[in-house]
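> What follows is a single structure, and I will ask about it in a moment.
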């Protein structure tokens, strides 16, 4: 398990350094999810209001967890926002493990997309 945690931190640091080179700052997990959400929405940059930013993070979470079969894309709403369907329950985890779970999926997203 220790090796996996070290591997996660190395890969996460590489990802955030690449994003820093592109965007000028090193994003935290929510920042990475926001960027994925904007990418999945397909348009930007916009001045997104707080609610829209939360929706973008939700879109990103669904997208990255779809890589492991937790969600499937059902289509888009009238405004062009993706609609996701939960396919299987997400495991119960404490906050620290949830963060690791999301980081691994975000890394996989950037490696494959």
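> Within the stretch 1-50, work out how many residues are assigned to a helix (DSSP H, G or I), touching a helix residue (DSSP H, G or I) at 6+ places or on another chain (Cβ under 8 Å) and loosely packed, with under 11 Cβ neighbours inside 10 Å.
Final tally of qualifying residues: 1.
> Looking at the stretch 51-90, which of its residues are more than 21 Å from residue 102 (Cβ to Cβ) and not in a strand (DSSP E or B)?
77, 78, 79, 80
> Does the stretch 95-112 contain any residue that is out of contact with any helix residue (DSSP H, G or I) (no Cβ under 8 Å at 6 or more places or on another chain), over 23 Å from residue 10 (Cβ atoms) and outside any strand (DSSP E or B)? Walk me through it before giving the result.
From the stretch 95-112, those out of contact with any helix residue (DSSP H, G or I) (no Cβ under 8 Å at 6 or more places or on another chain) are 95-98, 101, 111-112; that's our starting set.
This time we only want the ones that are over 23 Å from residue 10 (Cβ atoms), so: none.
No, because not a single residue in the stretch 95-112 is out of contact with any helix residue (DSSP H, G or I) (no Cβ under 8 Å at 6 or more places or on another chain), over 23 Å from residue 10 (Cβ atoms) and outside any strand (DSSP E or B).
> Quick check, is residue 54 touching a strand residue (DSSP E or B) at 6+ places or on another chain (Cβ under 7 Å) and without any contact (Cβ under 8 Å) to a residue 12 or more places away in the chain?
no
> Can I ask one more? Just to be sure I understand, how many residues within the stretch 59-92 are without any contact (Cβ under 8 Å) to a residue 24 or more places away in the chain and under 24 Å from residue 15 (Cα atoms)?
So the answer is 5.
> Return a yes/no flag: does the stretch 62-83 have any residue that is in contact with a helix residue (DSSP H, G or I) (Cβ under 8 Å, 6 or more places away or on another chain), surrounded by fewer than 10 Cβ atoms within 10 Å (Cβ to Cβ), at pLDDT below 90 and farther than 16 Å from residue 113 by Cα.
Checked the stretch 62-83: at least one residue is in contact with a helix residue (DSSP H, G or I) (Cβ under 8 Å, 6 or more places away or on another chain), surrounded by fewer than 10 Cβ atoms within 10 Å (Cβ to Cβ), at pLDDT below 90 and farther than 16 Å from residue 113 by Cα.
The values are calculated or read from the model by the stated rules, or taken from the named source; none is laboratory data. Just so you know, these numbers come straight off a predicted model, no measurement behind them. Note that each Cβ is placed from the backbone with ideal geometry, even for glycine, and that neighbours are counted across all protein chains shown.
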